[in-house]
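Visitor: Provided herewith is a single structure, encoded as structure tokens, for subsequent inquiry.
The values are calculated or read from the model by the stated rules, or taken from the named source; none is laboratory data. Quantities reported herein were computed from a predicted structural model and do not represent experimental measurements. A quick note on method: Cβ atoms are made from the backbone with ideal geometry, for glycine too, and the neighbour counts reach across all protein chains shown.
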């Protein structure tokens with residue numbers, strides 16, 4: 001997952017958490033339609049909650065193909081696995097869309113150490129994606145701490161040249177929706193090292209984007225402007241960042257040694273994977289649900305975004321298993337290269353622009369496997385969330401409490417300028433950034449029931465869009 005603008009939940013969330021009663025039978029056509037819709041949604045949820053198909057698929061994906069970074073053999077294997085899984089459903093079409101993806105590798109394990117009175121103290125760190133290697137033997141230099149982008153720019157070359165920059169910008173623990181806190185602090189990882197390089201710093205260290213006070217570092221992508229200098233950069237675990245901050249408070253001339261080995265290779269061949277159930281009445285109109293197949297090299301990728309991959313597959317399986325034949329074409333798209341380039345989403349949007357394909361809605365699931373709470377939706381008119389809110393009485397019994405005006409996920413957002421409504425599933429966010437982009441993003445942190453509830457919520461909104469439109 002890459003950072004997107006944060007979402008503030010609407011005040012209506014609290015009211016929607018109260019399960020509304022559907023009208024009683026015999027109160028007119030609207031009631032009959034409501035009852036019929038409720039019955040179909042019940043069938044969808046019943047199938048999802050009594051089958052372990054999604055969790056079984058996730059188990060296979062994560063155990064066989066962890067660390068599915070662009071350019072890796074594990075990503076290639078995951079694409080083949082997903083194609084075979086979709087073909088078993090069966091579907092009307094399974095196809096690939098070739099995409100050339102960037103290929104960065106971490107190399108040998110990173111080493112970051114703090115000079116102490118009794119010798120070096122090792123700091124848990126993970127190189128950031130896209131950064132370069134240090135010279136052989138590493139870089140040793142004094143450290144300058146910055147807390148904000150403005151502070152970094154104010155110090156400029158005079159304050160940063162020849163130094164290691166420690167960007168200590170934690171996620172705000174007061175922000176209830178952790179994705180919002182992640183987006184606000186994301187500059188430190190996304191842009192901070194590039195700014196430090198521009199001002200002549202020799203390396204950069206960032207505080208991991210997490211609220212978990214543990215010793216597990218979180219990787220993620222960072223970017224350098226074309227033609228600008230690059231530098232080695234790594235994220236420190238929460239505990240390591242605190243240790244460095246304390247050392248610098250005691251001695252502002254404290255030195256750190258950084259040894260990283262990241263390097264770039266030529267672009268590699270990959271592919272988006274597409275599975276379809278053809279619409280019975282409007283086959284040329286598409287409702288899309290998707291997730292991304294790639295994960296960071298150190299991360300098994302169970303929540304980011306193995307969960308989204310298997311939930312997207314599960315949406316189509318639920319239609320097949322319940323015998324619901326959609327009026328419009330349902331399309332599952334499993335994107336590549338979300339984590340460090342976004343080329344899969346960009347390639348898909350370019351294909352839609354060139355072909356003129358009509359999409360009624362494009363939804364992504366890339367926020368983890370946790371209890372689903374609602375949906376973020378966006379369109380040019382900023383009214384799609386309000387339109388979808390008429391479905392809350394049908395979905396509130398299953399814990400869906402809001403349709404908020406927000407954004408789509410990173411892979412479907414490129415479709416928004418084409419006038420296509422986009423959106424994403426919003427699960428409970430409190431645990432997601434404990435595991436995000438770490439070696440700890442494992443299967444044991446996925447609850448099979450919550451995973452199934454997320455798939456059912458996506459399938460229900462897909463069916464409502466197919467049946468009633470937006």
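Yes or no, residue by residue, for (1) more than 22 Å from the chain's Cα centre (by Cα); (2) on the phi < 0 side of the Ramachandran plot; (3) not assigned by TED's automatic domain parsing to the domain that holds residue 438:
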{"site": "198", "(1), (2), (3)": "yes, yes, yes"}
{"site": "219", "(1), (2), (3)": "no, yes, yes"}
{"site": "229", "(1), (2), (3)": "yes, yes, yes"}
{"site": "236", "(1), (2), (3)": "no, yes, yes"}
{"site": "245", "(1), (2), (3)": "yes, yes, yes"}
{"site": "253", "(1), (2), (3)": "yes, yes, yes"}
{"site": "273", "(1), (2), (3)": "no, yes, no"}
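Visitor: Could you tell me which of the residues 136, 142 is without any contact (Cβ under 8 Å) to a residue 40 or more places away in the chain and more than 27 Å from the chain's Cα centre (by Cα)?
Guide: 136
Visitor: Another question, then. Would you tally the residues in region 297-325 being out of contact with any strand residue (DSSP E or B) (no Cβ under 7 Å at 6 or more places or on another chain) and buried (at least 23 other Cβ atoms within 10 Å of the Cβ)?
Guide: So the count comes out to 13.
Visitor: Considering region 79-100 alone, what residues qualify as being surrounded by fewer than 22 Cβ atoms within 10 Å (Cβ to Cβ) and either assigned by TED's automatic domain parsing to the domain that holds residue 236 or in a strand (DSSP E or B) (or both)?
Guide: Correct list: 93, 94, 95, 96, 97, 98, 100.
One line per residue, one yes/no per condition, for (1) within 24 Å of residue 46 (Cα to Cα); (2) at pLDDT 95 or above; (3) touching a strand residue (DSSP E or B) at 6+ places or on another chain (Cβ under 8 Å); (4) in the same structural domain as residue 177 (by TED's automatic domain parsing):
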| position | (1), (2), (3), (4) |
| --- | --- |
| 421 | no, yes, yes, no |
| 427 | yes, yes, yes, no |
| 448 | yes, yes, no, no |
| 452 | yes, yes, no, no |
| 458 | yes, yes, yes, no |
| 463 | yes, yes, no, no |
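Visitor: Let me ask something additional. Name the residue that is surrounded by the most Cβ atoms within 10 Å (Cβ to Cβ), counting only residues in region 226-235 that are out of contact with any helix residue (DSSP H, G or I) (no Cβ under 7 Å at 6 or more places or on another chain) and assigned to a loop (DSSP other than H, G, I, E, B).
Guide: 232
Visitor: Now for a different question. From the list 229, 193, 170, exactly one residue is farther than 16 Å from residue 127 by Cα, touching a strand residue (DSSP E or B) at 6+ places or on another chain (Cβ under 8 Å) and touching a residue at least 12 places away in the same chain (Cβ under 8 Å). Which is it? Step through it out loud before you land on a result.
Guide: Details: 229 fails: touching a strand residue (DSSP E or B) at 6+ places or on another chain (Cβ under 8 Å); 193 fails: farther than 16 Å from residue 127 by Cα.
None of the others qualify; the one that does is 170.
Visitor: Residue check, residue 387 against (1) closer than 28 Å to residue 349 by Cα; (2) in contact with a helix residue (DSSP H, G or I) (Cβ under 9 Å, 6 or more places away or on another chain); (3) in contact (Cβ under 8 Å) with a residue 60 or more places away in the chain, all met but one. Which one?
Guide: Going through the list (1) closer than 28 Å to residue 349 by Cα; (2) in contact with a helix residue (DSSP H, G or I) (Cβ under 9 Å, 6 or more places away or on another chain); (3) in contact (Cβ under 8 Å) with a residue 60 or more places away in the chain, residue 387 breaks only (2).
Visitor: Residues of region 352-383 being under 17 Å from residue 328 (Cβ atoms), more than 14 Å from the chain's Cα centre (by Cα) and crowded, with 20+ Cβ neighbours inside 10 Å, which ones?
Guide: Once the filter is applied, which keeps residues that are under 17 Å from residue 328 (Cβ atoms), more than 14 Å from the chain's Cα centre (by Cα) and crowded, with 20+ Cβ neighbours inside 10 Å, region 352-383 yields 359, 361, 362.
Visitor: Now a separate question. I'd like to know if region 117-125 contains one or more residues that are surrounded by fewer than 21 Cβ atoms within 10 Å (Cβ to Cβ), at pLDDT 95 or above and part of a loop (DSSP other than H, G, I, E, B).
Guide: yes
Visitor: Could you tell me whether any residue of region 330-344 is part of a helix (DSSP H, G or I) and over 17 Å from the mean Cα position of the chain (by Cα)? Walk me through how you get there before you give the answer.
Guide: At the first step, the residues of region 330-344 found to be part of a helix (DSSP H, G or I) are 343-344.
Add one more test, that the residue is over 17 Å from the mean Cα position of the chain (by Cα), and what stays is none.
No, that holds for no residue.
Visitor: Additional query: Can you name every residue in region 307-329 that is over 16 Å from residue 363 (Cα atoms), outside any loop (DSSP other than H, G, I, E, B) and touching a helix residue (DSSP H, G or I) at 6+ places or on another chain (Cβ under 8 Å)?
Guide: 317, 318, 319, 321, 322 - these are the residues of region 307-329 that are over 16 Å from residue 363 (Cα atoms), outside any loop (DSSP other than H, G, I, E, B) and touching a helix residue (DSSP H, G or I) at 6+ places or on another chain (Cβ under 8 Å).
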